[in-house]
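Student: My questions all concern the structure below.
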Amino acid sequence: MTAQGAVPGRDDVDQDAPVLVISQAAALAGMHPQTLRQYDRLGLVVPRRTAGRGRRYSLRDVAKLLEVQRLSHDEGINLAGIQRILALEAQVERLERRIEALSARVEPGGRVFAAAASGDVVVVPRGRSVRRGVEEALRETLVEHGEARALVIWRPRPDADD
């Protein structure tokens, strides 16, 4: 299992597509289909369901089955412990995604602000050169407020020795 919970070497395939019936998923994981049913009942690996209530597993589900098997056989962890481990790993992944999203919004040094004499402060869009972004911000200020006489560019400095 990879860090993302995906089957290695399968980057070109949608890891979350529910395409495997229980017998196929069991064969890929090297388990008996009844084991997959038990894991589903316990909430360890819960496949999606078809309209007729048939189980459909994704490659990510198969990777999770392999991880459950590894934790059980190699590490000697009981199913309740594995359930807790999987829940904590899912929580960590959610929190990491949240941190990444928040960091992208407030990353120091990641934004440049331009201010005109009118007092308007404009964020220079990411991916734009400072010069081009400032020129665009200044043009917008000129259009909205007439002639501007000053422009200030502020960038946070890396932490310096105080």
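The values are calculated or read from the model by the stated rules, or taken from the named source; none is laboratory data. Since the structure is predicted, the reported quantities are computational estimates derived from the model, not experimental observations. Keep in mind that these areas ignore ligands, DNA and RNA; they rest on the heavy atoms of the full protein, side chains included. Shrake-Rupley method; radii C 1.70, N 1.55, O 1.52, S 1.80 Å.
Student: What percent do you get for the relative contact order of the range 20-106 when only Cα pairs under 8 Å and 6+ apart count?
Tutor: For the range 20-106, the relative contact order is 24 percent.
Student: With only alpha-carbon atoms in the gyration tensor, what are the semi-axes of the equivalent ellipsoid for the range 20-106, in Å, largest first? Spell out each step's value before the answer.
Tutor: Values: eigenvalues 142, 62, 24 Å².
In descending order, the three semi-axes are 27, 18, 11 Å.
Student: Another one. Give the accessible area for L66 in Å² (nearest 10); use a 1.4 Å probe, count only protein heavy atoms, and leave out ligands, DNA and RNA.
Tutor: In the full protein context, L66 sits at about 70 Å².
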